[in-house]
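Engineer: Have a look at the structure that comes next, please.
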Amino acid sequence: MSGCNPALSVHNLSVALDSGMQTMEVVRGVNLEVKPDSVLCLVGESGSGKTMTAMACMGQLPAGARVAGGCVKLGTAQIVPGCERIMRGIRGGTVSMIMQNPMACFHPMRTIGAHFAETLRIHQGLSRKEARQVAEERMRRVALSDPAGMLDRYPFQFSGGQLQRIMIALAMSTSPQVLIADEPTTALDASNQKRVLQLLHDVRKESGAGLLLITHDLGVVAEVADFVAVMYGGEIVETAPVKKFFHHPQHEYTRRLLESRIQLKRSARQMAARGT
Ligand SMILES: Nc1ncnc2c1ncn2[C@@H]1O[C@H](COP(=O)(O)OP(=O)(O)OP(=O)(O)O)[C@@H](O)[C@H]1O
Ligand SMILES: [Mg+2]
């Protein structure tokens, strides 16, 4: 990947999990670059370390996991390893994350408006009234009708698809330089998946933010990726521009991944032909 400076770069990152007397490196020597206004898709089998990599970039690893080596830079500033106070300021501000399960990301006892107010107060120093105006505008942008009314409601009063759109609105409200989305559509039905992806694409394009998108869906990769990184067993085994990824896969695992997609398409065609 050459050209302009990356918005997010990950250098030789390792993440270790400590359990009892044992330590296991679940992410090893990972290198990634997300350029401004471009999309890097991170694919790979379940358990290969994609989420751990994303969490490490946010400085937000789960209990028992720690950065064991390497660093993460936002532009030229090193953020991981770094001071937790600085990281808190960056998280949700210059780098935002969209998770697979939006319900888990909202406080159940706080209104959507309160979530926006807190984010915009911390990161942009806005007053409650100013935050409400920005929130309404952002909610409207993600095609949610009656944003004013929605801001006074609680997370459980929304469907999964609506919450995912609200999370995109919230994540984009601070105009982040980098957006990390970890399987943002897997919990949604097919029509909501398409809507949410299109939305993510549109709002990100407008802002020029770089996107690190973790997905299992190679159809999504074909649609949105500029670059693809393939993770296998805790390591990045291949990074390529999207065309090269599909047409000239280098690693054995990448070839298997693409082959399974072809098999799936073939089975779907056969089922359709049988009328099932
Ligand atoms: N909270 C946790 N505590 C302990 N181990 C974990 C935790 N989360 C993940 N792991 C382990 O870390 C490794 C990497 O997991 P990770 O969640 O990053 O995989 P992934 O590539 O995101 O998988 P998936 O595609 O299923 O989401 C796995 O071995 C997993 O079992
Ligand atoms: Mg994951």
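The values are calculated or read from the model by the stated rules, or taken from the named source; none is laboratory data. Values in this document were obtained by computation on a predicted structure and should not be read as measured data. Don't worry about glycine lacking a Cβ; one is built from the backbone with ideal geometry, like all the others, and counts go over all protein chains shown.
Engineer: Is it the case that Arg261 is closer than 16 Å to Gly44 by Cβ, surrounded by fewer than 15 Cβ atoms within 10 Å (Cβ to Cβ) and not hydroxyl-bearing (Ser, Thr, Tyr)? Spell out how you get there, then give the answer.
Structural biologist: On the way: closer than 16 Å to Gly44 by Cβ: yes; surrounded by fewer than 15 Cβ atoms within 10 Å (Cβ to Cβ): no; not hydroxyl-bearing (Ser, Thr, Tyr): yes.
Against the criterion (closer than 16 Å to Gly44 by Cβ, surrounded by fewer than 15 Cβ atoms within 10 Å (Cβ to Cβ) and not hydroxyl-bearing (Ser, Thr, Tyr)), Arg261 does not qualify.
Engineer: Of the residues His115, His123, only one is in a helix (DSSP H, G or I), touching a residue at least 24 places away in the same chain (Cβ under 8 Å), closer than 19 Å to Asp182 by Cβ and not hydrophobic (A, V, I, L, M, F, W, C); which?
Structural biologist: Numbers: His123 fails: closer than 19 Å to Asp182 by Cβ.
Of His115, His123, the one residue that is in a helix (DSSP H, G or I), touching a residue at least 24 places away in the same chain (Cβ under 8 Å), closer than 19 Å to Asp182 by Cβ and not hydrophobic (A, V, I, L, M, F, W, C) is His115.
Engineer: If only one of Arg138, Arg121, Arg132 is surrounded by fewer than 18 Cβ atoms within 10 Å (Cβ to Cβ) and basic (Lys, Arg), which one is it?
Structural biologist: Details: Arg138 fails: surrounded by fewer than 18 Cβ atoms within 10 Å (Cβ to Cβ); Arg132 fails: surrounded by fewer than 18 Cβ atoms within 10 Å (Cβ to Cβ).
Every option except Arg121 fails the conditions.
Engineer: Have a look at Thr53, Thr23 and point out the one that is of a type in the set (Ser, Thr, Tyr), surrounded by 15 or more Cβ atoms within 10 Å (Cβ to Cβ) and out of contact with any Cys (no Cβ under 9 Å at 6 or more places or on another chain). Full working, then the answer.
Structural biologist: Values: Thr23 fails: surrounded by 15 or more Cβ atoms within 10 Å (Cβ to Cβ).
Checking each option against the conditions leaves just Thr53.
Engineer: Considering only residues that are assigned to a loop (DSSP other than H, G, I, E, B), within 13 Å of ligand 1 (Cβ to nearest atom) and out of contact with any helix residue (DSSP H, G or I) (no Cβ under 9 Å at 6 or more places or on another chain), which ones fall in segment 49-77?
Structural biologist: The answer is Gly49, Ala63, Gly64.
Engineer: Another one. So which pairs qualify, if the first residue must be in segment 132-145 and free of Cβ contacts under 8 Å to residues at least 60 places away in the same chain, the second must be outside any helix (DSSP H, G or I), the Cβ gap must be under 8 Å, and the two must be at least 6 apart or on different chains?
Structural biologist: From segment 132-145, the pairs are Val134/Leu126; Val134/Ser173; Ala135/Ser173; Arg138/Ser173.
Engineer: Return yes or no: is Pro102 under 30 Å from Leu151 (Cα atoms), within 16 Å of ligand 2 (Cβ to nearest atom), surrounded by 20 or more Cβ atoms within 10 Å (Cβ to Cβ) and within 21 Å of the chain's Cα centre (by Cα)? Before you say what the answer is, go through the steps one by one.
Structural biologist: Values: under 30 Å from Leu151 (Cα atoms): yes; within 16 Å of ligand 2 (Cβ to nearest atom): yes; surrounded by 20 or more Cβ atoms within 10 Å (Cβ to Cβ): yes; within 21 Å of the chain's Cα centre (by Cα): yes.
Considered against the rule, which asks whether it is under 30 Å from Leu151 (Cα atoms), within 16 Å of ligand 2 (Cβ to nearest atom), surrounded by 20 or more Cβ atoms within 10 Å (Cβ to Cβ) and within 21 Å of the chain's Cα centre (by Cα), Pro102 comes out as yes.
Engineer: For segment 168-190, which residues satisfy the criterion of being over 13 Å from Met58 (Cα atoms), surrounded by fewer than 23 Cβ atoms within 10 Å (Cβ to Cβ) and either modelled with pLDDT under 85 or within 16 Å of ligand 2 (Cβ to nearest atom) (or both)?
Structural biologist: Glu183, Thr186, Ala187, Leu188, Asp189, Ala190
Engineer: Can you say whether Gly93 is under 21 Å from the mean Cα position of the chain (by Cα) and part of a loop (DSSP other than H, G, I, E, B), as far as the supplied structure shows? Before you say what the answer is, go through the steps one by one.
Structural biologist: On the way: under 21 Å from the mean Cα position of the chain (by Cα): yes; part of a loop (DSSP other than H, G, I, E, B): yes.
Yes, satisfied.
Engineer: Output the residue which, of all residues in segment 17-48 that are in a loop (DSSP other than H, G, I, E, B) and of a type in the set (Gly, Ala, Ser), is farthest from Leu257 (Cα to Cα). Spell out how you get there, then give the answer.
Structural biologist: Going residue by residue through segment 17-48, those that are in a loop (DSSP other than H, G, I, E, B) are 20-21, 35-38, 45-48.
Narrowing further to those that are of a type in the set (Gly, Ala, Ser): 20, 38, 46-48.
Details: Gly20: 35, Ser38: 23, Ser46: 12, Gly47: 15, Ser48: 13 Å.
Among those that are in a loop (DSSP other than H, G, I, E, B) and of a type in the set (Gly, Ala, Ser), it is Gly20.
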